[in-house]
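*Asks:* Supplied in structure tokens, the structure appears directly below.
Nothing in this text is a laboratory measurement; each read-out follows from the coordinates by a stated rule. Just so it is clear, the structure is predicted and the values come from calculations on it, not from any experiment. Note that we place each Cβ from the backbone using ideal geometry, even for glycine, and neighbour counts take in every protein chain shown.
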Amino acid sequence: MSRLRVAIQKSGRLSDRSLGVLKRCGLRFAHSKDKLFWFGQDFPVDLLLVRDDDIPRMLLDGVCELGIVGENIAREVMLERNGGTGLTCLRKLGFGQCRLSLAVPEDLEIGSLQELQGKRVATSYPALTRALLGEQGVTVQAVELSGSVEIAPGLGTADAISDLVSTGSTLRANHLRELEVLFRSQAALYSPSTPLPDEKQQLLDRLLARLEGVLQAAE
Ligand code: ATP
Ligand code: ZN
């Protein structure tokens, strides 16, 4: 009997809503609090609880068939690892909304992205930032930072930043001005783009039908 594995964020902004949507699809799991693997009880779908950054790689490596992750991370990992391909977005889930924005120091007189040509941009999303700016004909030097991106211009290690924004309060607190939204993101259900064996595909189709019902009822 085949089973599917779905990876979700263990603890963070997407965790509660990810688990919530799966539960509303009728999935129930046997788990102990700190275990990273939850066994699916009524429906053969098991849960893996991991860091969100690991989810796209786990899908590409065939560790699991499904994953709930922000489009920002899925796109970044596909660009870094796989020429921008390899994962299929099955359904956007309507939570985890944020935007990847280009921001500059508020006292810097920059009016357009084009003026950033050749400049240093601090970001946790170097491949996605380069790709999105490249689409607009702008080439930058991406300075990769895993956190605290917004302090880089003040420290003199970058001229601008490309970072996730939801309200903009972090930008304002660091005297940064949002110049342009590069990308709008939300949480989505992803699978590897390679075909699944028939039995697993049938399970996935049943799960997707339930998910569609759940999401439409919520709209
Ligand atoms: P982990 O420990 O799993 O690596 P994390 O600290 O990288 O967690 P979170 O801060 O929980 O991740 O963010 C997870 C996702 O939530 C982001 O990748 C993004 O898709 C989404 N998100 C929504 N709003 C925001 C925001 N204001 N800032 C950052 N991420 C946001
Ligand atoms: Zn993360």
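*Asks:* Two decimals is fine: what is log10 I(q)/I(0) at q = 0.08, 0.14 Å⁻¹ for the chain, from a Debye sum with one equal scatterer on every Cα and no solvent?
*Replies:* For the chain at q = 0.08, 0.14 Å⁻¹, log10 I(q)/I(0) is -0.33, -0.87.
*Asks:* Residues with beta-carbon under 9 Å from that of LYS200, excluding LYS200: net charge, scoring Lys, Arg +1 and Asp, Glu -1?
*Replies:* -2
*Asks:* For segment 34-93 and segment 173-219, write down the distance between their C-alpha centroids in whole Å.
*Replies:* With segment 34-93 and segment 173-219 each reduced to a Cα centre, they are spaced 10 Å.
*Asks:* Further, regarding this structure: Given the rule -39500 (n - 2.57) for each run of at least 4 DSSP H residues, summed and divided by the residues of the chain, what is its mean residue ellipticity at 222 nm, to the nearest 500 deg cm²/dmol?
*Replies:* Mean residue ellipticity, 222 nm, calculated: -9000 deg cm²/dmol.
*Asks:* Can you compute the FRET efficiency between ARG24 and GLU178 using 1/(1 + (r/R0)^6), with r the Cβ-Cβ distance and R0 = 30 Å? Round to the nearest 0.05.
*Replies:* Using R0 = 30 Å, I get an efficiency of 0.30.
*Asks:* If you don't mind, there's one more thing I want to ask. Taking a cut-off of 30 Å between Cα atoms, list the lysines near LYS23, but don't count ones fewer than 8 places away on the same chain.
*Replies:* The qualifying lysines are LYS10, LYS33, LYS35, LYS92, LYS200.
*Asks:* For segment 98-185, what are Rg and Dmax over the alpha carbons, in angstrom?
*Replies:* 11.3, 30
*Asks:* In addition: I want the antiparallel fraction of DSSP beta bridges within the chain, as a percent rounded to 5.
*Replies:* That works out to approximately 65 percent antiparallel.
*Asks:* To the nearest 20 debye, what is the magnitude of the charge dipole of segment 98-185 about its Cα centre, counting +1 on the Cβ of each Lys and Arg and -1 on the Cβ of each Asp and Glu?
*Replies:* 220 debye
*Asks:* Kindly express, to the nearest 10 degrees and within the range 0 to 90, the angle between helix 198-218's C-alpha long axis and the longest C-alpha principal axis of the chain.
*Replies:* In the chain, helix 198-218 runs at an angle near 70 degrees to the longest axis.
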